[in-house]
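Asker: My questions will all concern the structure given below.
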Amino acid sequence: MSETNKQDIYRVLIVDEDAAMRELLAELLRAPNRSVEVRDGARTALEFLQHNPIDVAFVEAALTGASAQHLADRIKKLCPHAQVVICAGRLSQPWDSAGRTRKGERVLRQPFNFGEALELADSCKTE
């Protein structure tokens with residue numbers, strides 16, 4: 001693969017403790033122009049990010065032992081240009097109705113429409 005082609009690859013990280021959900025989302029987002037990695041928690045995601053930049057991360061809101069906002073902050077420190085999409089299951093979580101967190105990450109409510117997930121991934125690429 002040429003350097004130009006490598007630069008055209010859009011790198012996606014999915015962090016979700018639910019194996020079925022992360023694999024379903026990964027399968028949906030796989031494409032010739034996307035590299036998709038999955039991790040089952042904050043620790044393994046951060047280990048991956050130490051040596052691998054990403055363009056967008058889909059993060060489960062209710063990770064065991066870590067808040068999604070804390071993980072989003074760490075992702076932004078390691079990959080400042082990356083977009084973070086927090087996959088939230090409860091409407092009571094502290095994110096506004098426009099689908100943004102207090103720090104500007106995107107919010108995708110679960111159960112979510114997979115077309116919306118694809119659209120959101122593509123819109124992050126163009127920002």
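The values are calculated or read from the model by the stated rules, or taken from the named source; none is laboratory data. Small disclaimer: the values here were computed from a predicted structure and weren't measured. Side chains included, ligands, DNA and RNA excluded: accessible areas come from the protein's heavy atoms. Shrake-Rupley method; radii C 1.70, N 1.55, O 1.52, S 1.80 Å.
Asker: From the backbone phi of segment 65-78, what are the Karplus-calculated ³J(HN,Hα) couplings (6.51 cos²θ - 1.76 cosθ + 1.60, θ = phi - 60°) in whole Hz, Gly and Pro given as x?
Answerer: So the J values, rounded to whole Hz, are x, 8, 8, 4, 5, 5, 5, 4, 4, 5, 4, 5, 5, 6.
Asker: Over segment 52-92, give the accessible area per residue in Å² for a 1.4 Å probe, as an integer.
Answerer: Dividing the accessible area of segment 52-92 by its residue count gives 44 Å².
Asker: If amide H atoms are built 1.01 Å from N in the plane of the peptide, which residues on other chains or at least 5 residues away come under 5 Å of the amide H of I14?
Answerer: Those qualifying (amide H under 5 Å, at least 5 residues apart or on another chain) are E37, V38, R39, F58.
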